[in-house]
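**Q** One structure coming up, written as structure tokens, with questions to follow.
The values are calculated or read from the model by the stated rules, or taken from the named source; none is laboratory data. Note that this is a predicted model, so its numbers are computed, not measured. Because the Cβ atoms are built from the backbone with ideal geometry, glycine has one as well, and the counts that use them run over all protein chains shown.
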Amino acid sequence: MQERSSVTELVDKLKKELDRYSPGGKLPSSRALVERFRVSPVTVSRALAQLTAEGLVVTRPGAGAYRAQPRAEVPSAGDTSWQEVTLSASVAGELVPRTVDASGVLATLAAPPAGVVEFNGGYLHPALQPERAMAAALARAGRRPGAWSRPPTEGLHELREWFARGVGATLTAADALITAGGQSALTTALRALAPPGAPVLVESPTYPGLLAIARAAGLRPVPVPVDADGVRTELLAAAFQATGARVFVCQPLFQNPTGAVLSAARRPEVLRIARAADAFVVEDDFARRLAHEGAGPLPRTLADDDRDGVVVHVGSLTKVCSPSLRVGVLAARGPVLERLRAIHVVDSFFVARPLQETALELVGSPAWSRHLRSLAGELAARRAALTGALGSALPELLLPYVPPGGFHFWLRLPEGVDEAALQSAALRAGVAVAGGRPYFGAEPPAGHLRLSFAGVAGPGEIAEGVRRLRTAYDEVRG
């Protein structure tokens with residue numbers, strides 16, 4: 001965060017000084033800029049790269065940086081209003097219009113303004129990411145023979161083997177496909193398993209990105225309520241019977257947003273109910289490596305308990321490492337694997353080999369197990385800090401369940417507290433939170449907030465964030 005801020009400040013300063021140089025005029029050397037502005041060489045390099053990307057500066061290897069020639073005048077925009085008719089007319093015959101609402105996803109991807117406590121994030125704070133280990137893995141990967149050659153379309157065998165071992169003892173590399181992260185894997189799975197217009201059963205509440213994927217594919221998300229023990233299986237059976245759905249998407253471990261873990265009693269029921277309906281279960285196992293210190297043994301994946309090819313398993317390294325390490329896996333048995341492979345190849349050909357090689361180097365290094373141990377402790381500390389801060393400063397917000405893994409708390413608002421108003425007041429007070437509405441496929445039963453404790457710097461920032469949220473709550477309550 002500090003380095004990014006320094007780069008932005010230096011870019012602004014250099015832009016103000018560009019008029020001093022004629023087009024083609026040489027700018028001061030990088031060393032001179034380091035000394036003058038008292039910043040690091042990395043900051044200078046990144047600032048010049050940004051100016052180059054904006055077309056304001058050109059760099060010449062071994063010679064330096066120069067002011068760019070003025071750009072030609074940009075022609076005025078034409079009339080694009082015709083597109084509204086065309087985009088609407090093209091879906092007139094579809095059972096479910098494939099409108100794309102990315103607002104719920106963007107809420108977790110957009111960086112809040114400087115100084116705002118980020119309780120709405122969906123990824124690890126940079127301090128929790130294994131940056132040194134990833135940088136070292138990237139450097140080693142670049143030296144591997146053939147690192148820039150075309151990989152197998154299904155992914156590197158060694159990486160598929162590693163993912164398969166993590167899914168369970170019953171799977172092998174032959175059952176796995178490497179994907180560009182979990183979101184890409186979910187998109188492929190839904191396209192493979194359900195035709196446009198079909199219903200797809202989803203947990204309620206659930207990850208907004210899943211709802212966006214389903215709707216963009218022309219599918220009808222049908223919500224099935226979740227409690228602290230995971231999806232309510234009696235309602236799951238009823239939903240299959242009522243809709244004729246052939247797909248159920250779930251997160252059995254540390255569900256987003258509730259943190260629920262599917263209970264031992266319900267696990268076989270989910271598989272039995274789906275098999276009886278001749279349906280697939282898409283298991284989004286995004287949080288398996290996000291267990292907190294002291295969480296105890298984790299349940300096996302649903303895929304590991306599946307003998308009949310019911311489960312299509314999705315996993316990823318993104319959540320446990322970095323939003324930019326977009327390497328995931330799809331695992332399945334039977335004819336469905338061929339359909340998944342075909343759609344994956346048509347959509348993206350393959351995942352970039354240097355990224356796959358980097359992932360292999362990372363998970364095969366001693367730094368990997370150290371990172372997982374450190375992360376488990378750090379997440380437990382942040383969870384405890386947020387639990388304590390909410391209990392002392394905001395006991396009005398109901399926290400029915402404290403999850404032993406994952407990133408989030410799912411808080412229920414008291415009756416009469418407007419969710420959208422509280423979210424807006426919180427941002428004015430300097431803390432970004434995620435409102436609960438985008439997590440529901442239908443009308444929500446109450447107002448909620450999702451608070452992430454993984455995207456903040458530490459316990460001190462958590463305490464400050466809750467203090468600011470208290471201010472916002474008092475404002476809304478009047």
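**Q** What is the one condition in (1) among the basic types (Lys, Arg); (2) surrounded by 10 or more Cβ atoms within 10 Å (Cβ to Cβ); (3) at pLDDT 70 or above that ARG98 does not satisfy?
**A** Just one mismatch for ARG98, condition (3).
**Q** Could you tell me how many of the residues in region 295-326 are over 29 Å from VAL402 (Cα atoms) and either of a type in the set (Val, Ile, Thr) or not assigned by TED's automatic domain parsing to the domain that holds LEU271 (or both)?
**A** Residues that pass the stated criteria total 1.
**Q** Do you know which residues across region 256-278 are free of Cβ contacts under 8 Å to residues at least 60 places away in the same chain and part of a loop (DSSP other than H, G, I, E, B)?
**A** LEU262, SER263, ALA264, ALA265, ARG266, ALA277, ASP278, listed by residue number.
**Q** Within region 452-474, identify whether any single residue is in the same structural domain as GLY121 (by TED's automatic domain parsing), assigned to a strand (DSSP E or B) and buried (at least 17 other Cβ atoms within 10 Å of the Cβ), and answer yes or no.
**A** Yes - at least one qualifying residue is present in region 452-474.
**Q** Let me ask another. Just name the residue that is farthest from GLY296 (Cα to Cα) out of those in region 366-395 that are charged (D, E, K, R) and surrounded by 14 or more Cβ atoms within 10 Å (Cβ to Cβ).
**A** ARG382
**Q** While we're on this one: If THR258 satisfies every condition in (1) of a type in the set (Val, Ile, Thr); (2) farther than 15 Å from LEU235 by Cα; (3) in contact with an Asp or Glu (Cβ under 7 Å, 6 or more places away or on another chain) but one, which is the exception?
**A** All conditions are met except number (3).
**Q** Scan (1) touching a residue at least 60 places away in the same chain (Cβ under 8 Å); (2) surrounded by 21 or more Cβ atoms within 10 Å (Cβ to Cβ); (3) not charged (D, E, K, R) for the single condition VAL310 breaks and write down its number.
**A** Going through (1) touching a residue at least 60 places away in the same chain (Cβ under 8 Å); (2) surrounded by 21 or more Cβ atoms within 10 Å (Cβ to Cβ); (3) not charged (D, E, K, R) one by one, VAL310 breaks only (1).
**Q** Can you tell me how many residues within region 312-330 are at pLDDT below 95 and under 24 Å from ALA245 (Cβ atoms)?
**A** 0
**Q** Here's another thing I want to ask about it. Say we look at region 40-88 and pick out the residues that are among the hydroxyl-bearing types (Ser, Thr, Tyr), modelled with pLDDT of 80 or more and farther than 16 Å from PRO23 by Cα; which of these is surrounded by the most Cβ atoms within 10 Å (Cβ to Cβ)?
**A** Within region 40-88, the match that is surrounded by the most Cβ atoms within 10 Å (Cβ to Cβ) is THR43.
**Q** Determine which single condition ASP285 fails, assuming it passes every other condition in (1) closer than 20 Å to LEU177 by Cα; (2) surrounded by fewer than 20 Cβ atoms within 10 Å (Cβ to Cβ).
**A** Among (1) closer than 20 Å to LEU177 by Cα; (2) surrounded by fewer than 20 Cβ atoms within 10 Å (Cβ to Cβ), the lone unmet condition for ASP285 is (2).
**Q** Another question, if that's okay. Residues in region 270-281: is at least one over 17 Å from ASP227 (Cβ atoms), of a type in the set (D, E, K, R) and either touching a His at 6+ places or on another chain (Cβ under 9 Å) or buried (at least 23 other Cβ atoms within 10 Å of the Cβ) (or both)? Before the answer, list the steps.
**A** Initially, region 270-281 is screened for residues over 17 Å from ASP227 (Cβ atoms), giving 271-272, 274-281.
Adding the requirement that they be of a type in the set (D, E, K, R) leaves 272, 275, 278.
Keeping just the survivors that are either touching a His at 6+ places or on another chain (Cβ under 9 Å) or buried (at least 23 other Cβ atoms within 10 Å of the Cβ) (or both) gives none.
No.
**Q** Out of all the residues in region 196-208, is one or more among the aliphatic types (A, V, I, L, M), within 30 Å of ALA446 (Cβ to Cβ) and at pLDDT below 95?
**A** For region 196-208, residues among the aliphatic types (A, V, I, L, M), within 30 Å of ALA446 (Cβ to Cβ) and at pLDDT below 95: present.
**Q** Same structure, new question: For GLY458, state whether it is in contact with a helix residue (DSSP H, G or I) (Cβ under 8 Å, 6 or more places away or on another chain), of a type outside the set (Lys, Arg) and at pLDDT 95 or above.
**A** It is false that GLY458 is in contact with a helix residue (DSSP H, G or I) (Cβ under 8 Å, 6 or more places away or on another chain), of a type outside the set (Lys, Arg) and at pLDDT 95 or above.
**Q** Continuing with the same structure: Would you point out the residue of region 406-425, among those that are touching a residue at least 60 places away in the same chain (Cβ under 8 Å) and under 19 Å from GLU118 (Cα atoms), that is surrounded by the most Cβ atoms within 10 Å (Cβ to Cβ)?
**A** If we take residues in region 406-425 being touching a residue at least 60 places away in the same chain (Cβ under 8 Å) and under 19 Å from GLU118 (Cα atoms), then GLY406 is surrounded by the most Cβ atoms within 10 Å (Cβ to Cβ).
**Q** For the subset of region 208-241 comprising residues that are assigned to a loop (DSSP other than H, G, I, E, B) and of a type in the set (A, V, I, L, M, F, W, C), which member is surrounded by the fewest Cβ atoms within 10 Å (Cβ to Cβ)? Please lay out each step first, then the result.
**A** Initial filter on region 208-241 (assigned to a loop (DSSP other than H, G, I, E, B)): 217-219, 228-229, 232.
From what's left, of a type in the set (A, V, I, L, M, F, W, C): 217, 219, 228.
Details: ALA217: 19, LEU219: 26, ALA228: 13.
Ranking the qualifying residues of region 208-241, first place goes to ALA228.
**Q** Do you know which residues across region 269-294 are under 19 Å from LEU186 (Cα atoms) and either assigned by TED's automatic domain parsing to the domain that holds ALA384 or not aliphatic (A, V, I, L, M) (or both)?
**A** PHE280, GLU283, ASP284, ASP285, PHE286, ARG288, ARG289
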